[in-house]
Amino acid sequence: MEYLDETEKQLSIIEELSRRLKAEEEKTGVKKTFHVVTFGCQMNARDSEKLAGILRRIGYVETDTEDADFVIYNTCTVRENADLRVYGRLGQMKRVKEKHPGMLIALCGCMMQEPAAVEKIRKSYRNVDIIFGTHNIFKLAQLIQERLDTGEIVVDIWPDRDMIVENLPSERKYPFKCGVNIMFGCNNFCSYCIVPYVRGRERSRRPEDILSEIRADVADGVVEVMLLGQNVNSYGKNLETPVSFAQLLRQVSEIDGLQRIRFMTSHPKDLSDELIAVMADADNICRHIHLPVQSGSNRILKAMNRHYTREDYLRLVDKLRTAMPDIAITTDIIVGYPEETEQDFQDTLDLVKEVGYDGAFTFIYSKRTGTPAAKIPYNISKEEIKDRFDRLLAQVQCDSKKALEKRLGTVQSVLVESPNDHDPSMVTGRLESNAIVHFPGSADLIGRIVQVKMTENRSFYYIGERVSV
Ligand code: 5AD
Ligand code: SF4
């Protein structure tokens, strides 16, 4: 059969599978279930929504346990720990699968782009039915069909992607907010990072596709979008008609009814004045930027191939705060990069103190085979790294508590996201700064933006009370 395009082909396979599933369900009288387990970043979270959308369209019903008819692990490989967690889960699943006839287990995501990991899984985890990568998640239905037709393990990993397939079903975890991919891949090759090898080269979606997806989301009840890319600041460079991220952001901010826009991640080397101006100008772009610094030592930044100095970074922070005094700044920091000395670490600690971050994700360097940093001899002891990590964490926690203090007593716009986990009379929401507040309220507020006064600083979050304005 000839298809007009890839989307049409996948939709027709989804339909065929859906008929097969229905026929089976009619025989057994039970609905088939699925469960998606997501590791890693926002990109993976968004990919998982797409996978869930396809599975639901086929007719599987989502369940919250891994004892499901179709289980999929969307893996991450940015640090070694992430890999180990996947192997642990697969080990546990051996028994679960034995007791669950017909169960299918699929693996996808960044870890599957590494041949060594795939080989290990094929050898040691024979309970896996389908393996695919980061570039062909749109093919899920076709891969399931192949598995059902052949009864054999299906492995389909693409080294890179030459097309972006639009308009397949996708599901949102929350009805009121969602992530939107604006680009895929990364061209930066930071020396420690595996992402460019597993996510491939940068490719931007066309602005018209992004805008129409967001318009449809808004019509469907979305009030907040998060624009996603490994380095959103280099968006649009490879398009037929180049568009800057700042231009795209302005167009997104003009969409009627869209109340909040976030984006991540921003690489400091590409953050333009134009972007700062757009952020300062639009009142629906959240006053928050995630700006990974990675290190405060110029020597280490150079070794990391980051293309900025600590002075450049501090100047950028200054510019952002001059344009938007209330902006929240968060970051990522790596401790224990090969050859990091105590002095390099002190430079990081000093930079962290100087910026006074609203929040920071701190990571211990993890060697990733295939990256340039993996070839550098490693000379820092485990104890030393742990000690640096603890000192950094103490500083970061102290600063984020101070950052919360700044907004204590003020009234802030809050998007209510969920009922409170511990107290049913409370709800939980997020400020523009991304800080969390718990306050008395009922579940009907979920998905709404309300005004809340920050009454208590509990170090990692606020307690607040709703005010009417
Ligand atoms: N080791 C430790 N942290 C890493 N990151 C990326 N690669 C590594 C690695 N090999 C961190 C960076 C990045 C974040 C997503 O993960 O800080 O910004
Ligand atoms: Fe990795 Fe650097 Fe690309 Fe971020 S910008 S994904 S840290 S290579």
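Give me the residue from segment 193-210 that is touching a residue at least 60 places away in the same chain (Cβ under 8 Å) and crowded, with 19+ Cβ neighbours inside 10 Å and, out of that set, farthest from residue 133 (Cα to Cα). Per the criteria, the residue is 193. When residue 220 is tested against the conditions (1) closer than 30 Å to residue 310 by Cα; (2) more than 16 Å from ligand 1 (Cβ to nearest atom); (3) out of contact with any helix residue (DSSP H, G or I) (no Cβ under 8 Å at 6 or more places or on another chain), the lone failure is (1). Evaluate the following for residue 232: is it of a type in the set (Val, Ile, Thr), crowded, with 18+ Cβ neighbours inside 10 Å, under 30 Å from residue 83 (Cα atoms) and more than 10 Å from ligand 2 (Cβ to nearest atom)? Against the criterion (of a type in the set (Val, Ile, Thr), crowded, with 18+ Cβ neighbours inside 10 Å, under 30 Å from residue 83 (Cα atoms) and more than 10 Å from ligand 2 (Cβ to nearest atom)), residue 232 qualifies. Would you confirm whether or not segment 73-91 contains a residue that is within 16 Å of ligand 2 (Cβ to nearest atom) and of a type in the set (D, E, K, R)? So far as segment 73-91 goes, yes, one or more of its residues are within 16 Å of ligand 2 (Cβ to nearest atom) and of a type in the set (D, E, K, R). Against the criterion of being within 24 Å of residue 78 (Cβ to Cβ), within 16 Å of ligand 2 (Cβ to nearest atom) and surrounded by 18 or more Cβ atoms within 10 Å (Cβ to Cβ), residue 178 does not qualify. Can you tell me which residue in segment 23-36 is farthest from residue 77 (Cα to Cα), limited to those that are touching a residue at least 24 places away in the same chain (Cβ under 8 Å) and surrounded by fewer than 17 Cβ atoms within 10 Å (Cβ to Cβ)? Per the criteria, the residue is 25. Considering segment 352-379, and only residues there that are hydrophobic (A, V, I, L, M, F, W, C) and within 23 Å of residue 189 (Cβ to Cβ), the residue that is surrounded by the fewest Cβ atoms within 10 Å (Cβ to Cβ) turns out to be 361. Among the residues of segment 181-200, what is the count of those that are away from ligand 2 (no atom under 11 Å from the Cβ) and either under 13 Å from residue 237 (Cβ atoms) or polar (S, T, N, Q) (or both)? Here the count works out to 3.
Screening the candidates 95, 89 for the property of being within 17 Å of residue 65 (Cα to Cα), in contact (Cβ under 8 Å) with a residue 40 or more places away in the chain and of a type in the set (D, E, K, R) yields one hit, 89.
Among the residues of segment 386-398, is any within 16 Å of ligand 2 (Cβ to nearest atom) and either in a loop (DSSP other than H, G, I, E, B) or aliphatic (A, V, I, L, M) (or both)? No: segment 386-398 contains no residue that is within 16 Å of ligand 2 (Cβ to nearest atom) and either in a loop (DSSP other than H, G, I, E, B) or aliphatic (A, V, I, L, M) (or both). Residue pairs whose Cβ atoms lie under 8 Å apart, separated by 6 or more positions or on different chains, with the first residue in segment 167-183 and among the β-branched types (Val, Ile, Thr) and the second assigned to a loop (DSSP other than H, G, I, E, B), are 182/205; 182/229; 182/235.
Inside segment 322-340, can you point out the residues that are more than 16 Å from ligand 1 (Cβ to nearest atom) and surrounded by 14 or more Cβ atoms within 10 Å (Cβ to Cβ)?
323, 324, 327, 328
Here is a check on your reading of the model: is residue 100 within 21 Å of residue 42 (Cβ to Cβ) and touching a residue at least 12 places away in the same chain (Cβ under 8 Å)?
no
Results for (1) within 16 Å of ligand 1 (Cβ to nearest atom); (2) under 27 Å from residue 311 (Cα atoms); (3) free of Cβ contacts under 8 Å to residues at least 12 places away in the same chain; (4) not in a strand (DSSP E or B), shown as yes or no for each residue.
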{"residue": "188", "(1), (2), (3), (4)": "yes, yes, no, yes"}
{"residue": "191", "(1), (2), (3), (4)": "yes, yes, no, yes"}
{"residue": "212", "(1), (2), (3), (4)": "no, no, yes, yes"}
{"residue": "216", "(1), (2), (3), (4)": "no, no, yes, yes"}
{"residue": "248", "(1), (2), (3), (4)": "no, no, no, yes"}
{"residue": "277", "(1), (2), (3), (4)": "no, yes, no, yes"}
{"residue": "283", "(1), (2), (3), (4)": "no, no, yes, yes"}
{"residue": "289", "(1), (2), (3), (4)": "yes, yes, no, no"}
{"residue": "292", "(1), (2), (3), (4)": "yes, yes, no, yes"}
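Would you please name the residue that is farthest from residue 286 (Cα to Cα), looking only at residues in segment 413-469 that are under 24 Å from the mean Cα position of the chain (by Cα) and among the basic types (Lys, Arg)? Among them, the one singled out is 448.
One line per residue, one yes/no per condition, for (1) part of a strand (DSSP E or B); (2) of a type in the set (A, V, I, L, M, F, W, C); (3) exposed (fewer than 15 other Cβ atoms within 10 Å of the Cβ):
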| site | (1), (2), (3) |
| --- | --- |
| 422 | no, no, yes |
| 430 | yes, no, no |
| 434 | no, no, no |
| 469 | no, yes, yes |
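Within segment 154-175, is there a residue that is closer than 24 Å to residue 254 by Cβ and either within 11 Å of ligand 2 (Cβ to nearest atom) or at pLDDT 90 or above (or both)? Yes; the residues of segment 154-175 include at least one that is closer than 24 Å to residue 254 by Cβ and either within 11 Å of ligand 2 (Cβ to nearest atom) or at pLDDT 90 or above (or both).
The values are calculated or read from the model by the stated rules, or taken from the named source; none is laboratory data. Since the structure is predicted, the reported quantities are computational estimates derived from the model, not experimental observations. Quick reminder, even Gly has a Cβ in these numbers, built from the backbone with ideal geometry, and neighbours come from all protein chains shown.
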